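Everything below concerns the one structure shown next.
The values are calculated or read from the model by the stated rules, or taken from the named source; none is laboratory data. Since the structure is predicted, the reported quantities are computational estimates derived from the model, not experimental observations. Only protein heavy atoms, including side chains, enter the accessible area calculation; ligands, DNA and RNA are left aside. Shrake-Rupley method; radii C 1.70, N 1.55, O 1.52, S 1.80 Å.
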Amino acid sequence: MIIAVPLCQQRFSQHFGGADTFALYAVDTAAKVVTSTTVLQPPEHDRGVFPAWLREQGATVVLAGGMGPRAVSIFRAQGVEVLTGIEETSPDEAVRKFIEGTLEASGELCHDHSHHDCGHHH
């Protein structure tokens, strides 16, 4: 399993589309441990680019604060599990809680594009 987490300035990004990098956590599901972590810079953001790119990177789960309904729809159509409404936390903590089954996610989607924390949404 590969879990993708959006980052902004190396911290958990509360808005998926505002991420400047993504942390990809490879997880051994049997042992319930992270086996490796890679941080990658995505291509320039445009509608649908991040979901397609993350799927190409092997992501099977995405943990996010806010995410637009279109991105959620694209991920789900590709068989990628999406958890939204995650409160600000460290990326490592979010992944650990997800693996343990204790991560709280409200499922809230983002409909307002006025609060991008990295400031480069197109």
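Does residue 79 fit the bill of being open to solvent by less than 40 Å² (accessible area, probe 1.4 Å) and not in a helix (DSSP H, G or I)? Criteria not met by residue 79. Over 17 Å from residue 107 (Cα atoms) and under 13 Å from the mean Cα position of the chain (by Cα): is that true of residue 22 in this structure? Taking the combined requirement at face value, the residue satisfies it.
Count of the stretch 38-55 residues, restricted to those that are over 25 Å from residue 97 (Cα atoms) and open to solvent by 80 Å² or more (accessible area, probe 1.4 Å), is 3. Is there a residue being hydrophobic (A, V, I, L, M, F, W, C) and open to solvent by less than 20 Å² (accessible area, probe 1.4 Å) anywhere in the stretch 27-37? There is at least one residue in the stretch 27-37 that is hydrophobic (A, V, I, L, M, F, W, C) and open to solvent by less than 20 Å² (accessible area, probe 1.4 Å).
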